[in-house]
Every structure is written in structure tokens, then in C-alpha cells.
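Here the structure is laid out as C-alpha cells; the discussion comes afterwards.
Please treat every number below as a calculation from the coordinates, not as lab data. No experiment lies behind these values; they were computed from the predicted model shown. All Cβ positions, even for glycine, are placed from backbone atoms using ideal geometry, and neighbour counts span all protein chains on display.
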Ligand SMILES: [Cu+2]
């Protein structure tokens with residue numbers, strides 16, 4: 001009986017440890033690196049060769065969509081090449097930062113680097129805030145940042161790159177309000193999509209933690225049953 005109590009204590013400690021392991025990944029949100037280069041370019045706006053002096057992020061109007069999940073850290077860098085004639089900046093409406101510092105104009109030949117945590121789900125604008133702001137936006141320096149809420153559907157849609165399979169699965173499950181087949185659920189539980197590496201990676205901590213909990217529970221149940229049987233025999 002003493003041995004049995006000791007084993008029960010060990011299994012309880014094991015369960016607590018496994019619980020700790022499982023809570024760690026939840027606290028470790030991913031970091032998404034985003035780099036924009038301000039480009040002052042001439043863009044053609046009709047078929048007659050008419051051009052417009054545009055100011056852009058990476059030569060695109062609007063700028064690239066930045067897509068992250070609630071709790072992610074955005075590691076942002078704005079490069080303003082020395083060839084540009086104007087200062088430029090970034091104003092992420094999803095960021096809660098010291099706007100006078102992080103969103104300040106960056107002179108040509110300089111780079112601004114800052115981080116922020118995407119705390120609130122939603123779709124937000126980003127734009128250049130260098131004076132005169134309206135002119136910088138009108139010339140093309142604007143875009144969207146989408147902060148997906150944590151959840152089943154958005155889990156596979158992190159980042160701005162995803163496979164057609166992920167999109168299909170997500171839309172199907174969302175439309176039918178149901179979970180996929182068990183095998184898919186297991187695969188989705190074990191693997192996470194890494195938007196930067198553009199591939200699936202096994203979430204070893206989550207899988208190992210779940211196995212530890214499962215084994216701990218089994219051990220606990222076996223010990224309880226053994227104890228009950230011994231008590232009833234007495
Ligand atoms: Cu600008």
C-alpha cells in the first residue's frame with residue numbers, strides 16, 4: 001500500500017509537470033519578421049505611358065498584406081535607401097507603441113527597427129506618417145495588417161503564405177461548422193504550419209506533453225483501480 005501511495009504521488013507530480021510543458025507553447029507566440037523598403041518609383045497609370053511619381057513600400061500599391069495571429073510579435077524593419085529624396089515612416093494601427101519614436105520619419109539612408117505585440121484581433125491599416133501624411137498615402141504608402149484571433153480556423157492561416165490545401169480545409173470546416181476527419185485533426189494537432197519556412201513542422205513539445213499527460217492519467221487510473229480492489233478484498 002505504501003508503494004502504491006508513492007507511485008500515485010509520482011504520477012501526480014508527472015501530471016503537474018506535463019501540464020507545465022503544455023502551457024509553455026501557449027505562452028510562446030511566434031515572432032513574425034517583416035521588412036519594408038521605401039521605394040520612390042515611377043508607375044504607369046494608363047496605356048498611354050502616363051506616369052505618376054509614386055512612393056511605395058517595396059514598389060507595391062497597396063503594400064503587402066501583413067498577416068499575423070493574436071499574440072504574435074511583429075519584428076519590423078523599415079529601410080529608407082539613400083537614393084530616396086524623402087523621409088518615410090510606418091504607422092501600424094495594430095501596434096501599441098511609443099508612436100513618437102517608433103513611427104517617426106526615417107531619413108534616406110537610415111533604417112528603423114522596432115517590435116510590437118499584435119494584441120487585438122482585427123483588420124488594420126498601416127501607412128506612412130511622414131509629413132505631409134496625406135501626400136505619402138496618396139502616393140501609395142498604405143496597406144493592411146490582419147491580426148487573426150487565436151482559434152481553430154486561423155491556426156492554419158498564419159502569415160500571408162499558405163497552401164491551397166490549408167485554404168480548402170479551412171473554408172470547408174468553417175462553412176460546415178464541423179471538425180475534419182479524426183486523422184486530419186490528429187495531423188493538425190501534431191503539425192503546425194511555419195509561414196516563414198513555408199512548410200509543416202511537428203510540434204514536438206505539444207505532442208510530447210500530450211503523451212506524458214496520457215501516460216500519467218493511465219498510470220493514475222491503474223493505481224486507483226488496484227487500490228480499490230485491495231480495499232474491497234480487505
Ligand atoms: Cu512616406
Q) Hey, with R₀ at 41 Å, roughly what FRET efficiency would residue 44 and residue 203 work out to, going by the Cβ-Cβ distance, to 0.05? A) 0.30
**Q.** Added length on full extension, which subtracts the Cα-Cα distance from 0.36 nm per residue, residue 52 to residue 119
**A.** 20.4 nm
**Q.** Sequence ranges 74-80, 130-136, 102-108, 224-230, ranked by mean other-Cβ count within 10 angstrom, highest first
**A.** 74-80, 102-108, 130-136, 224-230
**Q.** Cα→Cβ-extended label distance, 7 Å offset, between residue 64 and residue 93, nm
**A.** 2.2 nm
Q: Determine the relative contact order of region 31-148: mean sequence separation of Cα pairs under 8 Å and six or more apart, normalised by residue count, in whole percent.
A: 31 percent
Q: Quick one: plug the Kirkwood hydrodynamic radius of region 31-148 (C-alpha pairs) into Stokes-Einstein at 25 °C, 0.890 mPa s, and report D in µm²/s.
A: 170 µm²/s
